[in-house]
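Some notes on the structure that comes next.
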Amino acid sequence: MSSVHSEKIALVTGAGKRLGRSIALGLAQAGWDVAIHFGTSAADAQQTVKDIEALGRRAVALQADLGNEHSVSSLIKRCTDTFGLPSCVVNNASLFDYDETDSFSYARLNAHMQINVAAPITLARDLHRARKQNPDTFKHPAVVINLLDQKLINPNPDFLSYTLSKAALLEATRLLAQALAPHVRVVGLAPGITLVFGDQTEAGFKQAHHMTPLGKSSTPEDITAAAVYIASAHAITGTTLYVDGGQHLKSSDRDVMFLTS
């Protein structure tokens, strides 16, 4: 299929399931064609492709190991070769592995930094390189949306390596917004507790979800709506939108998922 210059082609990492799937479907409903990146969830990615095609948009599933530099470096080109250079990259995929000071290791930190920081920076770099080659082709700058975390505002030592990697990505969001302008915008999107994770019970999740000033944290629909907005808000760059029901306003010594039974 030949390359098509479109303002509405998106690449979403980790889009086969959970929050990434919701964002991909939301972009498709807003008129975007979507490349679905996945790591190991091939069946889920193919189902997401089918669901997007049912909405009348184009979709493709692209496998890549985000911990492998060569694999990540191929994603923008593979998307472009399939149906065009993306105007939006959503760095949703994330390693979220528990550790704290006593269980910290070089290996765990390195894994988080590769997937949660190096991969998003690489995709932003490659998108910028491609856009610079055709500066007059597009009306608006492209956008990179980095999924962050409300806990960056009220940090605690739980999920130490994860938190350090997201703090690095927050700073990279600001730096890249400066470095990649005017061709690419870079924006952070920080959810609160949004989906049940790991051993958390449904009851514990519901209790944690209400521990915010608004009485509820973020839902997948909230984060999806914010991502769709940012994707087309052409004057926004170098900042982070916190979509968490105000969760970042309530400090805590522990991660919220450990404060409920």
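Could you order the peptides 51-58, 173-180 from most to least packed, using the average number of other C-beta atoms within 10 Å per residue?
Top to bottom by mean Cβ count within 10 Å: 173-180, 51-58.
Got the relative contact order for the chain handy, in percent, Cα pairs under 8 Å and 6 or more residues apart? Provide the component values of the computation, followed by the final result.
On the way: 536 pairs, mean separation 49.4, N = 261.
Relative contact order for the chain comes out at 19 percent.
Please report the carbon-and-sulfur percent of the accessible area for the chain; probe 1.4 Å, protein heavy atoms only, DNA, RNA and ligands left out.
Numbers: 6390 of 11610 Å².
Heavy-atom surface of the chain belonging to carbon and sulfur, 1.4 Å probe: 55 percent.
Kindly report, to the nearest 10 Å², the accessible surface of R185 as traced by a 1.4 Å probe over protein heavy atoms only.
Counting only protein heavy atoms, R185 exposes about 10 Å² to solvent.
Under 5 Å between amide H atoms, partner at least 5 residues away or on a different chain: which partners does A61 have, H built in plane at 1.01 Å?
Distant-sequence amide H within range of A61: I36.
Based on the Cβ-Cβ distance from F96 to A203, what FRET efficiency comes out when R0 is 22 Å, to the nearest 0.05?
Details: r = 21 Å, r/R0 = 0.96.
Once the sixth-power term is evaluated, E becomes 0.55.
What are the lysines whose alpha-carbon lies under 26 Å from the alpha-carbon of K216, with same-chain residues fewer than 8 places away excluded?
K17, K151, K166, K206, K250
Given a Förster distance of 25 angstrom, what is the FRET efficiency for S252 paired with S71, based on the Cβ-Cβ distance and rounded to 0.05? Let's see the in-between values first.
Working: r = 37 Å, r/R0 = 1.46.
Computed FRET efficiency for S252 and S71 comes out at 0.10.
Find the accessible area per residue for the chain; the probe is 1.4 Å, ligands and nucleic acids are left out, and the unit is Å². Don't skip to the answer; put the middle values down first.
On the way: 11610 Å² over 261 residues.
Ligands and nucleic acids excluded, the result is 44 Å² per residue.
Name the most mobile residue of N116, N154, N134, meaning the one with the largest mean-square fluctuation, in a Gaussian network model of the chain with Cα contacts below 10 Å.
Residue with maximal mean-square fluctuation among N116, N154, N134: N134.
If every alpha-carbon in the chain counts as one equal scatterer, what log10 I(q)/I(0) does Debye give at q = 0.09, 0.10, 0.12 1/Å?
Debye curve over Cα of the chain, log10 I(q)/I(0) at q = 0.09, 0.10, 0.12 Å⁻¹: -0.38, -0.47, -0.68.
Could you give me the percent of Cα pairs per 5 Å distance bin for the range 52-119, shortest bin first, beginning at zero and ending with the bin that holds the maximum distance?
Whole-percent P(r) values from 0 Å outward: 3, 13, 20, 20, 15, 11, 8, 5, 3, 1, 0.
Put a dot 7 Å past each Cα toward the Cβ at A225 and K132; how far apart are the dots in nm?
Rounded to a tenth, the inter-label distance reads 3.8 nm.
If you count, for each residue, the other Cβ atoms within 10 Å and average over each peptide, how do 96-103, 75-82 line up from highest to lowest? Write down the numbers at each step before the final one.
Numbers: 96-103: 12.8, 75-82: 19.0.
So the peptides 96-103, 75-82, ranked by packing, come out 75-82, 96-103.
Tell me, what is the 1.4 Å probe accessible area of H70, in Å² to the nearest 10?
150 Å²
The values are calculated or read from the model by the stated rules, or taken from the named source; none is laboratory data. On a predicted model such as this, the values are computed, not experimentally measured, just so you know. Using ideal geometry, Cβ is built from the backbone for each residue, glycine included, and neighbour counts are taken over all protein chains shown. Ligands, DNA and RNA are stripped out before the accessible areas are found, and what is left, the full protein with its side chains, is counted by its heavy atoms. Shrake-Rupley method; radii C 1.70, N 1.55, O 1.52, S 1.80 Å.
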